[in-house]
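Here's the structure, in structure tokens; my notes come after.
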Amino acid sequence: MNNSYRIALAGNPNTGKSTLFNAFTGLRQHTGNWAGKTVSLAEGTVRHKEKNYQIVDLPGTYSLFSNSVDEEVARNYIVFEKPDITLVVLDATSLERNLNLALQVLEMTKNVIVCINLIDEAEKKGIKINERILTRKLGVPVIKISARNKIGFPMLLDTIDRLVSGKIECNPVQTTYNEEIEEKITTIESKISNLVGNTISSRWLALRLLDGDKALLTEFNRRLVLNDQVRREA
Amino acid sequence: MNMNELFSEAQAISSPQLRDDIVQQLYSRSRELCDVGVSYTKTKADTRTEKLDAIFTSKIWGFPIMLIMLGVVFYLTIAGANIPSSMLAEFFGWLEGYITSVFQFLHAPDWLHGILVLGLYRGSTWVISVMLPPMAIFFPTFALLENYGYLPRVAFNMDRLFKFVGAHGKQSLTMAMGFGCNAAAVMSSRIIESPRERMLAILTNNFVPCNGRWGILIVLASLFMAANFTGGFKLLVTTGVIVGIVLFGIVVTFFVSWALSKTLLKGVPTHYTLELPPYRRPKFFDTVIRSSLTKSWTVLVRAVKVAAPAAILTWVLANIHIGDTSILLHMVEFLDPFGKMLGLDGYIMLAFILGLPANEIVLPILLMGYLSTGSLTEVDSLVDLKQIFLDHGWTWVTALNVMLFSLLHYPCGTTLVNIYKETKSKKWTFLAFLIPTVLAIVVPFIVYQTAKLLGWV
Amino acid sequence: MDESNKISLFQGKKGNLIKISSISLEGVMRRRLLDLGFVPGAIVEVIKKSPLGDPIAFRVSQTTIALRKEESMKIEGELVNHE
Ligand SMILES: Nc1nc2c(ncn2[C@@H]2O[C@H](COP(=O)(O)OP(=O)(O)OP(=O)(O)O)[C@@H](O)[C@H]2O)c(=O)[nH]1
Ligand SMILES: [Mg+2]
């Protein structure tokens with residue numbers, strides 16, 4: 001058991017998550033060049049350097065504030081199922097919007113690897129990405145890949161391996177908001193950590209509460225009730 | 001203090017402006033990151049996608065191209081499947097001879113041969129030879145279009161029409177999924193954000209004929225509608241008829257969406273955002289292999305899994321007698337008057353009822369029913385097939401009405417289960433059953449009565 | 001800001017660049033638009049109308065997004081010159 005890890009593939013819609021999933025697991029998750037091809041979870045496994053990885057392909061999301069059911073599926077998985085590593089798959093040709101989601105994921109969980117996919121397309125368009133700068137600025141590994149052409153996989157697998165075996169550590173650089181927001185975050189944050197402890201990032205949850213994410217609240221309460229039931233039955 | 005109280009507290013100190021600021025500041029940081037981490041070496045933007053969009057979403061060509069695409073996909077499917085289908089059928093027929101000899105050699109009782117060979121074997125091989133070749137062509141062709149990026153353009157072109165009937169433009173995407181499988185398409189409706197429009201997409205998805213229904217549509221179109229044509233022209237006419245049926249399904253979708261928007265699902269169209277990704281050349285080989293092999297295989301396994309028991313059941317019903325008629329005939333006689341009103345008959349009604357678990361098995365069950373009353377013993381070719389239908393009084397109106405019934409009738413069992421899972425409501429699942437059923441009765445009824453009035457039949 | 005330069009995204013002509021100043025939409029849709037990059041300050045390019053005139057496709061933060069008239073009318077901005 002301690003030799004097996006769960007890796008979730010998150011990212012904007014249509015960034016090649018299912019393609020990467022297929023390349024890893026050899027499975028046949030369907031792909032399509034449109035936002036919203038995948039609407040539910042798919043799981044597969046891959047073995048690398050004596051370790052087993054369970055890969056979870058998620059529906060794409062524009063943000064962690066879920067708007068539709070498929071996005072909610074993805075969001076709930078990252079928040080509540082807590083994969084060992086979250087691979088955020090980004091589209092190299094539209095990094096600005098894609099990074100927006102990556103930043104949100106970094107607020108939520110620590111072990112994140114950022115994969116910049118479709119690097120072949122980006123090169124064709126003359127887009128040059130300096131992943132070292134991004135790694136430094138984000139505090140987590142940033143790796144350029146092409147899921148379709150299987151470029152950058154050794155590096156990616158190696159990074160995963162070093163992360164789970166503790167040889168490297170992620171220190172996500174948090175986004176600092178303006179003073180007003182930061183103040184309010186601090187007010188709420190302390191109360192949240194009393195309530196949830198270390199299970200969920202309290203800074204992130206504080207932001208979501210300020211944001212007014214009702215769906216998240218509902219889901220949170222639902223899971224709380226479920227947990228209570230399990231505890232009572234045990 | 002619990003989470004709900006915290007939520008209220010947070011909301012009390014929050015404001016819409018603050019929420020906007022959060023997103024905006026995230027975006028500013030993204031932009032800063034891009035400024036330092038990304039550089040552009042080409043000054044000229046890539047205009048390939050733009051040029052293609054100028055054609056695919058053009059005022060003049062947008063709609064004709066969609067129609068042509070639909071036609072081409074179906075033409076390839078029908079034309080390409082023709083020969084492999086008959087080869088498979090021949091092969092299975094040849095194999096059946098040997099299997100029967102083995103049964104005779106073992107002195108197996110007649111009833112066993114009946115159930116296993118005449119029921120199970122024939123039923124499932126029929127499904128394989130009629131369904132597999134079209135699927136093996138359709139799925140990869142469609143997957144290529146899909147991976148290329150054409151589907152969002154369809155949604156872009158069609159949105160105005162969907163807005164008009166109060167539906168969501170992404171319904172065209174879920175409908176496109178419906179060609180493959182309605183059950184999967186019902187799940188794909190998750191991409192529609194608003195519950196009302198999502199429900200519309202779920203309730204009407206069935207009016208797109210899934211591949212399980214093409215077998216019957218293609219066979220009947222080529223036997224009855226394109227009968228007077230030969231060669232390449234016959235294929236064209238068959239394709240034309242199928243495209244016509246599909247278009248009629250789309251019209252019905254619009255009509256039902258509109259009617260529901262005015263009644264049970266009242267409301268104005270809500271939010272709509274659609275991303276148009278750049279066109280990307282698919283990895284040809286990968287896409288073709290993945291979709292033809294795996295997808296056809298899964299669909300086929302499902303079909304055979306359902307077809308086998310259904311075939312056995314039909315055989316049993318046809319061979320157990322109450323009085324001097326079989327159970328099957330009793331049922332047929334009971335359903336016959338109703339079927340006749342729609343220009344159909346008791347066998348057809350029974351086949352559709354027994355076919356609830358999966359549309360693929362409707363035609364084999366129908367044939368087994370007809371055959372059990374003994375006119376022909378083996379279906380070697382399509383000509384024999386047509387003779388069976390003619391012997392049971394079919395005309396082109398019968399064929400048309402069977403096609404319409406197949407297009408419009410209740411979703412298959414798997415789809416209904418998925419509808420229940422997605423809506424979590426018995427009421428809506430029941431409506432998803434009821435609305436198509438009513439239409440499947442009303443439309444053929446009108447067609448038949450009109451045809452009778454005009455003296456066509 | 002020059003008031004005469006103020007137009008909604010819907011009024012934009014093909015090829016226009018519009019710098020967003022305000023979004024008069026609430027709730028989920030506002031949130032979705034922000035997520036897609038329709039944030040105040042962002043520059044949006046009008047790409048093209050669909051064959052039936054609605055929706056219209058816009059280029060925003062390096063992606064192409066189509067919006068219906070109802071929404072694009074409520075996003076306002078300032079026409080900026082081609083760079
Ligand atoms: N050129 C190129 N295309 C790619 C690459 N990776 C994926 N694609 C294409 O991008 C499209 C989207 O891929 P998917 O894997 O379906 O994307 P996804 O992230 O799973 O999308 P959703 O399920 O909608 O969230 C497909 O057409 C792929 O063929 C890549 O590295 N290079
Ligand atoms: Mg996917």
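We did not get these values from a lab; they are worked out from the coordinates using the rules stated. What you see is a predicted model, and the numbers here were worked out from it, not measured in a lab. Don't worry about glycine lacking a Cβ; one is built from the backbone with ideal geometry, like all the others, and counts go over all protein chains shown.
Report whether or not residue A:11 is out of contact with any Gly (no Cβ under 9 Å at 6 or more places or on another chain), in contact (Cβ under 8 Å) with a residue 60 or more places away in the chain and near ligand 1 (Cβ under 8 Å from one of its atoms). When the stated conditions are applied, residue A:11 does not pass them. Selection of helices (runs of 4 or more DSSP H) fully inside the stretch A:162-234 by the criterion of at least 1 residues being under 20 Å from the mean Cα position of the chain (by Cα) and within 11 Å of chain B (Cβ to nearest Cβ) returns A:202-211, A:214-233. Within this structure, residue B:155 passes the test of being within 28 Å of residue B:58 (Cβ to Cβ), within 16 Å of ligand 1 (Cβ to nearest atom) and of a type outside the set (S, T, N, Q). When the strands (runs of 3 or more DSSP E) confined to chain C are screened for residues that are over 23 Å from residue B:192 (Cα atoms) and in contact (Cβ under 8 Å) with a residue 24 or more places away in the chain, those reaching at least 3 such residues are found at C:6-8, C:17-23, C:43-49, C:75-80. Scanning the stretch B:402-457 for residues that are under 15 Å from residue B:353 (Cβ atoms) and not in a helix (DSSP H, G or I) yields a total of 4. Could you list, in sequence order, the residues of the stretch C:53-81 that are of a type in the set (S, T, N, Q), over 18 Å from residue B:156 (Cα atoms) and more than 10 Å from chain B (Cβ to nearest Cβ)? C:81, the sole residue that qualifies. Screening the candidates B:204, B:287 for the property of being in contact (Cβ under 8 Å) with a residue 12 or more places away in the chain and within 19 Å of residue B:416 (Cα to Cα) yields one hit, B:204. Taken as a whole, the structure leaves residue B:303 outside the set of residues that are in contact with a Gly (Cβ under 6 Å, 6 or more places away or on another chain) and away from chain C (no Cβ under 14 Å). Residues satisfying the criterion are present in the stretch A:150-161 (criterion: over 19 Å from the mean Cα position of the chain (by Cα) and within 14 Å of chain B (Cβ to nearest Cβ)).
So which residues in the stretch B:256-275 are without any contact (Cβ under 8 Å) to a residue 60 or more places away in the chain and under 26 Å from the mean Cα position of the chain (by Cα), if there are any at all? It would help to see each step written out before you state the result.
So the first thing to find is which residues in the stretch B:256-275 are without any contact (Cβ under 8 Å) to a residue 60 or more places away in the chain, and the list is B:259, B:263, B:266, B:273.
Within the stretch B:256-275, B:259 is the sole residue that qualifies.
Any residue at all in the stretch B:111-132 that's under 25 Å from residue B:365 (Cβ atoms) and either exposed (fewer than 15 other Cβ atoms within 10 Å of the Cβ) or among the acidic types (Asp, Glu) (or both)? So that I can check it myself, show each step before the final result.
Residues of the stretch B:111-132 that are under 25 Å from residue B:365 (Cβ atoms), as a first pass: B:111-132.
Next, only the ones that are either exposed (fewer than 15 other Cβ atoms within 10 Å of the Cβ) or among the acidic types (Asp, Glu) (or both) stay: B:111-112.
Yes, the stretch B:111-132 contains at least one residue that is under 25 Å from residue B:365 (Cβ atoms) and either exposed (fewer than 15 other Cβ atoms within 10 Å of the Cβ) or among the acidic types (Asp, Glu) (or both).
Of all the numbered requirements in (1) within 14 Å of chain A (Cβ to nearest Cβ); (2) free of Cβ contacts under 8 Å to residues at least 12 places away in the same chain; (3) closer than 30 Å to residue B:365 by Cβ; (4) not charged (D, E, K, R), residue B:183 misses one, and that requirement is (2).
In summary, helices (runs of 4 or more DSSP H) completely within the stretch B:1-105 and bearing 1 or more residues that are buried (at least 17 other Cβ atoms within 10 Å of the Cβ) and touching a residue at least 12 places away in the same chain (Cβ under 8 Å) occur at B:48-56, B:62-105. Of all residues in the stretch B:1-41, those that are closer than 21 Å to residue C:39 by Cα, of a type outside the set (A, V, I, L, M, F, W, C) and more than 7 Å from chain A (Cβ to nearest Cβ) total 8. Scanning the stretch C:23-52 for residues that are farther than 19 Å from residue B:50 by Cβ and more than 10 Å from chain B (Cβ to nearest Cβ) yields a single hit, C:24.
Specify which of the listed residues (B:279, B:347) is within 14 Å of another protein chain (Cβ to nearest Cβ), buried (at least 16 other Cβ atoms within 10 Å of the Cβ) and of a type in the set (Phe, Trp, Tyr). I'd like the intermediate steps shown before the answer.
Numbers: B:347 fails: within 14 Å of another protein chain (Cβ to nearest Cβ).
Residue meeting the stated conditions: B:279.
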